[in-house]
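J.: Following this message is one structure expressed as C-alpha cells.
The values are calculated or read from the model by the stated rules, or taken from the named source; none is laboratory data. Quick caveat, the model's predicted, so the values are computed rather than measured. Note that we place each Cβ from the backbone using ideal geometry, even for glycine, and neighbour counts take in every protein chain shown.
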There are 6 protein chains.
Amino acid sequence: MTIHTLVEYADASAEVRAVYDDIMATRKTDWINNFWKALANDPVTLRRTWESIKQIMAPGELDPLIKEMIYIGVSVTNQCPYCIASHTASARKKGMTDAMFHELMAVVGMANETNRLASGYQVEIDEQFKTS
Amino acid sequence: MTIHTLVEYADASAEVRAVYDDIMATRKTDWINNFWKALANDPVTLRRTWESIKQIMAPGELDPLIKEMIYIGVSVTNQCPYCIASHTASARKKGMTDAMFHELMAVVGMANETNRLASGYQVEIDEQFKTS
Amino acid sequence: MTIHTLVEYADASAEVRAVYDDIMATRKTDWINNFWKALANDPVTLRRTWESIKQIMAPGELDPLIKEMIYIGVSVTNQCPYCIASHTASARKKGMTDAMFHELMAVVGMANETNRLASGYQVEIDEQFKTS
Amino acid sequence: MTIHTLVEYADASAEVRAVYDDIMATRKTDWINNFWKALANDPVTLRRTWESIKQIMAPGELDPLIKEMIYIGVSVTNQCPYCIASHTASARKKGMTDAMFHELMAVVGMANETNRLASGYQVEIDEQFKTS
Amino acid sequence: MTIHTLVEYADASAEVRAVYDDIMATRKTDWINNFWKALANDPVTLRRTWESIKQIMAPGELDPLIKEMIYIGVSVTNQCPYCIASHTASARKKGMTDAMFHELMAVVGMANETNRLASGYQVEIDEQFKTS
Amino acid sequence: MTIHTLVEYADASAEVRAVYDDIMATRKTDWINNFWKALANDPVTLRRTWESIKQIMAPGELDPLIKEMIYIGVSVTNQCPYCIASHTASARKKGMTDAMFHELMAVVGMANETNRLASGYQVEIDEQFKTS
C-alpha cells in the first residue's frame, strides 16, 4: 500500500529531499532511517515533525544524551519496538555506556511499578506536593 | 477501608518505623509522604519497594536529578497524578530548574507523539538498529 | 451537558429500568452505581455492556472474586480511578482480604516493571515459548 | 498449544461456522481473518465479540469509515500491531485515502503529545469544561 | 511553584500574547483555557504546540469535528481527564450530538477490548494485511 | 551491542550463576529463559529483580497460578509480547486450562473496555466507593 511505501532519496521530491538533507547534516550522518522515509509520504507531517524534533533535541538545559535517555524511557513505557531500537542506537552513538543503560532501565522499571502501587492504593496527593 | 489507611509513624510497628526512619535519614527530611504510609499496610512490600528505590535512585552513572527526571517522564506517560506531583517536587528539591522542566516536558511530549507515528505507519526496524 | 447526566431510576425509561432491575437482582443490592447511570444515556450500550459483564463475571472456571481481582489489576495498570475504586469495593464485598489485596498489588506492580525491562532490553521470545 | 490454534472453517463446529458465515456475509468477503480464528477457541467469546462489533461498527450517526479510523487511532495509541494492520486494511477497503490516513496519524500523534503536556504540567480542568 | 503558574493575558509577554491572540482569533472565542496558560511558562513550547495543533486541526480531508472526536478517542484511551474534558467541550461546540458521542464511546471501548484479545491470543498478522 | 548480549551460563560470572542456579532450583527447571539472560548484563538488577519476583510469586494468600494469570492480564493490557508469551507458558505449566485462559481473556478485554467508558463519560466516584 502507498501509505507504507518508504520514500528513498532518489525518488523523493525536492521538498522531501530538503528535509532529508537537513536531517543528515544535523545528525552528521549519510543515511536516513525508516521512520523518516515512512513519514515522507506526508511531506507536511515530515517537515513539522522534523522541525519539532530538531528544536527539542538540540543542546539546551539538558544534554542531548540525557534527552535521548528520556526518549528511551518513554518508548519503553509505551512498548514501541521501533522507537526503543532507534533511540537506543542514537543514545549509544551519543555516548551512553552499558552502565548508563542499566541504570536507565532500572529507573524506568521501578517507576512503572510504583506508578501502579500509587494508583492501586488510591494514594492522595500530599499537601506538600500540591501546586497551588 | 483498612487497605487504604495511612499508617502514621505514631501508630506504626517497629518494622515499619525502621523503614520510615531510613527513608527520612536517606532523604534528609523529617516527614513521610502518603505513598509510603499507604504501602505500610503491607510491611513486606513497603520494605522491598523502599530497598529497591533506595538502591536504584542512589548516585551512580546517572545523577540523582537525572533519575528523578526520567521518573517524571515515565509517570507523565502513564498519567499517574500522584507520581507526577511527588517526583516533580523531588526533582525540584534536587535542583531541577523551570527551564529543565520545560525541556523535559517537550521531550516527553514529542516521544509520545513519534511513538504513535512509528507504530501507525508500521515502520520496520532498520538493519542498522538491529541488535543481533 | 446531557451526555454526562446521571440517569436516576425515577427518571429512567422502561428499557433502562429493566437493565437496572437486572443489575440489582444479579448483584443482590438495592442501588445502581454511577457507571451504569452514565451509560444509561445510551440504552443500547447500557444493555450490551451489562449483558457482557454479567456473562463474563459469572462463576465459571475462575471464581468471581478472582475475576474481580484481575479486573482491578487491569484498572490499576490503566490508571482508571473510577474503576479501581468500584472494583476494589466489589472485590471486598466478595471476600477479598487485606492480605489478598496486598499480594495483588505486589504482582501488578512487578508485572508492570518487568514488562518494561523485557521491552527495554529488547528480549526475543524463547523458542520454548513460541506458539507455533 | 491448543489455546493458540487457529480454527479453520473446515474444522469448526456448527456454532462457530454460524458466526463465520455471518462475518463473511456482513463484510461481503469470503475469508475469515486470524483474529476470529483465534477467538473461535472460545465460542462464547467469539459470538459475544462478533455481535458487539457488528452492532457497534454498523452505520449510525457516524459513518463506518469514520468508525474504522477511530479504531485505528485507539490501536495506534495502544501499540497493537495486529489491530493496526487489520483496521488499516479495513479502512482502506471502506475508502480511506492516503491523505485521510496522513491526517489521522497527525491527529493521533498530536493528541498523544498534548495528553502528556496536560498531565505533566498538572493542568486543572477549567470551570467552563466541567460537566456539573 | 513557578512551573505551574497559569500565565494570564494581563501578565503575559508580547510573545505569549501573540499566541493567545491567534488562539482566540482562530477559535473565535474570547478566552484562553488553562492548557495554554500552563504551557505559556515555556513560550517556545507554547508557540510550537499551538502552531502544530492549528495546522493539524484545520479543515482538510477530515472534518474538524471528526478530528476532535479522534482526539477524544486517544485521550480516553490514555485516561487524560483534562484532555477528555476539553476536547469533549470542543467537539460539542463543533456540533457533536449526544448520539455521536455515544457511538464514539462504543467504538473506543470496543477497540480497547479487542486490542487486548488480539495480543492475549498472540494472533499473527494475516498475509492479506501485511504491507510489503 | 553489548547491552543486548544474552549471558549464557557457561559465560556467566559466579554472581550471575548463583542467581541462575536459584531460578532453576526454585522453578524446578534446567534452563534459563532469555529475560534473565538479558538482565544478567546488569548483575545488580538481575539479583534484585529475581529476589523480588521470587518473593512476590511464592504461594501466599493467592495461589501461584492465580498470580501468573494476573501477570498475564497486566502484560496483555500493556501489549508486551515477550511477557505474554512467557507468562502464558508459565501459567500453563502451573495448570491453567484452555477454559481458564478463555475466561481470563474475557475479563481482561472487558476491563479494558469499561475502563474507557468510565473515563470517557467522566463518571464521578460514588460516595459508597470512597475510601475516606
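J.: In this structure, does C:GLY73 turn out to be in contact with a Leu (Cβ under 6 Å, 6 or more places away or on another chain) and without any contact (Cβ under 8 Å) to a residue 40 or more places away in the chain?
T.: no
J.: Ok, one more. Among the numbered criteria (1) in contact with a Lys or Arg (Cβ under 7 Å, 6 or more places away or on another chain); (2) among the β-branched types (Val, Ile, Thr); (3) farther than 30 Å from C:GLN79 by Cβ, which single criterion is violated by A:VAL76?
T.: The single condition A:VAL76 does not satisfy is (3).
J.: Taking E:GLN79 as meeting all but one of (1) within 13 Å of the chain's Cα centre (by Cα); (2) at negative phi; (3) without any contact (Cβ under 8 Å) to a residue 12 or more places away in the chain, write down the number of the exception.
T.: Here E:GLN79 clears every test but (2).
J.: State whether one or more residues within the range A:2-21 are more than 7 Å from every other protein chain (Cβ to nearest Cβ) and modelled with pLDDT under 95.
T.: Yes, some residue in the range A:2-21 is more than 7 Å from every other protein chain (Cβ to nearest Cβ) and modelled with pLDDT under 95.
J.: Also: Only one residue in D:ALA91, D:ALA99, D:ALA118, D:ALA111 is within 18 Å of the chain's Cα centre (by Cα) and small (Gly, Ala, Ser). Which one?
T.: Exactly one residue qualifies, and that residue is D:ALA91.
J.: Look at E:THR29 and say whether it is among the β-branched types (Val, Ile, Thr) and under 19 Å from D:ASN112 (Cβ atoms).
T.: No.
J.: Let me ask something additional. Of the conditions (1) under 15 Å from B:ALA118 (Cβ atoms); (2) among the aromatic types (Phe, Trp, Tyr); (3) surrounded by fewer than 19 Cβ atoms within 10 Å (Cβ to Cβ), A:TYR9 fails just one. Which one is it?
T.: Only one criterion is unmet by A:TYR9, namely (1).
J.: Looking only at the range F:11-22, decide whether some residue is at positive phi and out of contact with any His (no Cβ under 6 Å at 6 or more places or on another chain).
T.: Within the range F:11-22 (the criterion being at positive phi and out of contact with any His (no Cβ under 6 Å at 6 or more places or on another chain)), the answer is no, since none of the residues qualifies.
J.: Can you spot a residue in the range D:3-20 that is in contact with an Asp or Glu (Cβ under 7 Å, 6 or more places away or on another chain), more than 14 Å from F:HIS102 (Cα to Cα) and in a helix (DSSP H, G or I)?
T.: No: the range D:3-20 contains no residue that is in contact with an Asp or Glu (Cβ under 7 Å, 6 or more places away or on another chain), more than 14 Å from F:HIS102 (Cα to Cα) and in a helix (DSSP H, G or I).
J.: Under the condition of being in contact with a Cys (Cβ under 8 Å, 6 or more places away or on another chain) and among the aliphatic types (A, V, I, L, M), which residue from the range A:100-132 is surrounded by the most Cβ atoms within 10 Å (Cβ to Cβ)?
T.: For the range A:100-132, the residue satisfying everything is A:ALA111.
J.: Out of the residues in the range A:29-47 that are charged (D, E, K, R) and crowded, with 21+ Cβ neighbours inside 10 Å, state the one that is nearest to B:LEU65 (Cα to Cα).
T.: Selected residue: A:LYS37.
J.: Got a sec? Which of A:THR88, A:THR77, A:THR97 is more than 21 Å from C:GLY109 (Cβ to Cβ) and surrounded by 24 or more Cβ atoms within 10 Å (Cβ to Cβ)?
T.: The match here is A:THR88.
J.: Go through (1) in contact with a His (Cβ under 8 Å, 6 or more places away or on another chain); (2) closer than 15 Å to F:TYR121 by Cβ for C:ILE72 and report which single condition fails.
T.: Failing condition for C:ILE72: (2).
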